[in-house]
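K.L.:
Following this message is one structure expressed as structure tokens.
The values are calculated or read from the model by the stated rules, or taken from the named source; none is laboratory data. This structure is a prediction, so every number in the text was calculated from the model and none was measured. Cβ sites come from the backbone with ideal geometry, for glycine too, and all protein chains shown count toward neighbours. The protein model used for the area step is the full one, side chains on, heavy atoms only, and it has no ligands, DNA or RNA in it. Shrake-Rupley method; radii C 1.70, N 1.55, O 1.52, S 1.80 Å.
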Amino acid sequence: MHAQSVKNSQTLSIRSKLSQAYQAHAYRFAVISRFFAAIVGGYTFTAVFTALLSIILPLKKSDAVLLSISLTILVYSCVFIWVFAVKSLSKIWITILLTTSGCALILSLLKGWL
């Protein structure tokens with residue numbers, strides 16, 4: 001009877017260690033994914049949004065481009081902060097992908113690429 005309880009306690013100890021290791025790796029993956037979303041996703045969204053903004057602003061072409069490029073710092077910073085403020089990782093990726101795709105679609109329609 002005593003050998004069985006020792007074996008059960010060892011099994012529980014191994015399971016708890018595996019659970020802790022899984023949680024640590026899941027947390028690391030979530031942080032890496034957020035950084036990737038903030039850096040790559042934020043850059044892609046900002047680039048497409050800047051291109052769209054430079055077309056739709058009712059200014060001279062050179063002024064519109066300069067203003068939209070000046071606003072990229074603000075847009076990229078807001079996206080970066082937003083990525084770490086939202087709880088759901090899937091919501092982050094879906095939002096970045098949909099908004100970037102939407103801006104790219106509008107840009108391509110305005111430029112006559114489609």
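K.L.:
ILE56 - would you say it is β-branched (Val, Ile, Thr), surrounded by 11 or more Cβ atoms within 10 Å (Cβ to Cβ) and on the phi < 0 side of the Ramachandran plot?
P.N.:
Numbers: β-branched (Val, Ile, Thr): yes; surrounded by 11 or more Cβ atoms within 10 Å (Cβ to Cβ): yes; on the phi < 0 side of the Ramachandran plot: yes.
When the stated conditions are applied, ILE56 passes them.
K.L.:
Inside the stretch 51-82, can you point out the residues that are closer than 18 Å to CYS103 by Cα and among the basic types (Lys, Arg)?
P.N.:
none
K.L.:
Okay, moving on. Considering only the stretch 83-103, how many residues are part of a helix (DSSP H, G or I) and either at pLDDT below 95 or open to solvent by 40 Å² or more (accessible area, probe 1.4 Å) (or both)?
P.N.:
Pass one, the stretch 83-103, residues part of a helix (DSSP H, G or I): 83-85, 89-103.
Then keep just the ones that are either at pLDDT below 95 or open to solvent by 40 Å² or more (accessible area, probe 1.4 Å) (or both); that gives 84-85, 89-91, 93-95, 97-99, 101.
Qualifying residue count, the stretch 83-103: 12.
K.L.:
I'm checking my understanding of the structure. Among residues of the stretch 104-114 that are open to solvent by 50 Å² or more (accessible area, probe 1.4 Å) and aliphatic (A, V, I, L, M), which one is nearest to ALA30 (Cα to Cα)?
P.N.:
So the first thing to find is which residues in the stretch 104-114 are open to solvent by 50 Å² or more (accessible area, probe 1.4 Å), and the list is 105-106, 109-114.
If we keep only those that are aliphatic (A, V, I, L, M) too, we end up with 105-106, 109-110, 114.
Working: LEU105: 29, ILE106: 31, LEU109: 35, LEU110: 37, LEU114: 36 Å.
Taking the candidates together, the pick is LEU105.
K.L.:
What is the one condition in (1) at pLDDT 95 or above; (2) of a type in the set (A, V, I, L, M, F, W, C); (3) not in a helix (DSSP H, G or I) that PHE45 does not satisfy?
P.N.:
All conditions pass for PHE45, except number (3).
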